[in-house]
Amino acid sequence: MRLNENLAIIGSQVVLVPYEKEHVPRYHEWMKSPFLQEMTGSEPLTIDEEYAMQQSWRTDDDKCTFIVLAKAQPDSSDIFDCSRMIGDVNFYLNNVYNPHEAELEVMIAENSCSGKGVATEVLQLMTHYAVNDVGVTELVVRIKESNAASIHIFEHKFGFTETERSKAFQEVTLRRTVTDALRTDMDQWAKHATRVEYVRAPAK
């Protein structure tokens, strides 16, 4: 999605930035992990396929992704340093019956960042963006039954409700309608966030 190609969102612990070519090698290494493949329902890709996928994320109108960076120290000269990559967050607009429904996905790939509220903040920033910038009115997630931590976040921190459970795919579907109450919550979540222009690394 080109809508976010020049946008960075700076939160308390993280910075969300567009998915660029410079991020692909690290992302490719992450996705060699059988555990991450299972949790995200992904198939391993070659590096060339990964670069093609990055371009697809950039140009397709029906999906949006941000790379998640750990926030730099205040005195850092490069807040967009790709060496601080810790995961990604995205949504798909793939419901042909409701073009305003977004299917959310989040992946925190670095174990050192788990259990610190990072995924929660990333989802707060992304849901605020999806609703306010893209016009999303319905949110849905599909999560592996074994991923209890992720299910807990969506149910207890974001008010999602289970609507379906697939034995074949061993996954749970949870949904949340965007209400006035949720919009109020999102405005509170976004109070600490800053939006800035994303500055790309010089070509090598």
Open item on the list: Quick check: with the 1.4 Å probe, what order do VAL106, VAL118 take by accessible area, largest first?
Closed with: VAL106, VAL118
Open item on the list: Rounded to whole Å, give me the distance from the Cα center of region 1-68 to that of region 128-204.
Closed with: 16 Å
- [ ] Determine the order of LYS167, LYS116 by accessible area, beginning with the largest, at a probe radius of 1.4 Å.
- [x] LYS167, LYS116
Open item on the list: Could you tell me what a quarter of the Cα convex hull surface of region 90-204 works out to, in nm² with one decimal place?
Closed with: 9.7 nm²
- [ ] With the Cα gyration tensor of region 126-167 in hand, convert its eigenvalues to equivalent ellipsoid semi-axes via √(5λ) and list them largest first in whole Å.
- [x] 22, 12, 9
Task: Projected-area mean, region 1-46, by convex hull of Cα positions, square nanometres - done: 4.5 nm²
Task: Inter-probe distance in nm under a simple model that places probes 7 Å from Cα toward Cβ, at VAL199 and SER12 - done: 2.7 nm
TODO: Determine which residues of region 148-184 fall in the zone a paramagnetic label at ARG142 would reach in this model, i.e. backbone nitrogen under 17 Å from the point 7 Å along Cα→Cβ.
DONE: 151, 161-176
Task: Extent along principal axes [Cα atoms of region 24-165; Å; largest to smallest] - done: 42, 33, 32
Open item on the list: Keeping all protein chains in the complex and leaving out DNA, RNA and ligands, what accessible area do you get for GLU38 with a 1.4 Å probe, in Å² to the nearest 10?
Closed with: 100 Å²
Open item on the list: Using only the heavy atoms of the protein chains and a 1.4 Å probe, how would LEU7, LEU69 rank by accessible area, largest first?
Closed with: LEU7, LEU69
Open item on the list: Whole-Hz ³J(HN,Hα) for each residue in region 49-64, computed from phi via Karplus 6.51 cos²θ - 1.76 cosθ + 1.60 with θ = phi - 60°, x for glycine and proline: what do you get?
Closed with: 5, 5, 5, 5, 5, 4, 5, 5, 4, 6, 9, 6, 7, 9, 7, 9
Task: Count, lysine Cα pairs under 21 Å in region 64-204, 8 or more residues apart or across chains - done: 7
Task: Those chymotrypsin sites (Phe, Trp or Tyr not before Pro) in region 77-115 that DSSP places in a loop and that have at most 13 other beta carbons within 10 Å - done: TYR97
- [ ] State the antiparallel share, in %, of DSSP beta bridges confined to the chain, rounding to the nearest 5.
- [x] 90 percent
TODO: Quick one: compute the contact order of the chain, relative version, from alpha carbon pairs under 8 angstrom and 6+ residues apart, as a percent.
DONE: 23 percent
TODO: Quick one: accessible surface of ASP81, probe radius 1.4 Å, all protein chains present, in square angstrom to the nearest 10.
DONE: 50 Å²
Task: Stretchable slack from GLU43 to TYR92, in nm (0.36 nm times residue separation minus alpha-carbon distance) - done: 15.9 nm
Open item on the list: Heavy atoms of the protein only, probe of 1.4 Å, neighbouring chains included. What is the accessible area of THR46 in Å², nearest 10?
Closed with: 70 Å²
Task: Estimated [θ] at 222 nm from DSSP helical runs (n ≥ 4, -39500 (n - 2.57)) normalised by residues in the chain, nearest 500 - done: -8500 deg cm²/dmol
Open item on the list: How charged is the neighbourhood of PHE169? Take every other residue with its Cβ under 15 Å from the Cβ of PHE169, and add Lys/Arg as +1 and Asp/Glu as -1.
Closed with: -4
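Mind pulling the per residue volume of the convex hull built on the Cα atoms of region 55-103? Å³ is fine.
Measuring per residue, one finds 95 Å³ for the Cα hull of region 55-103.
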Task: Radius 10 Å from Cβ of VAL15, net charge of other residues (Lys, Arg +1; Asp, Glu -1) - done: +1
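The values are calculated or read from the model by the stated rules, or taken from the named source; none is laboratory data. Quick caveat, the model's predicted, so the values are computed rather than measured. Every residue, glycine among them, receives a Cβ derived from its backbone with ideal geometry; neighbour counts consider all protein chains shown. These accessible areas exclude ligands, DNA and RNA; they are computed on the full protein's heavy atoms, side chains included. Shrake-Rupley method; radii C 1.70, N 1.55, O 1.52, S 1.80 Å.
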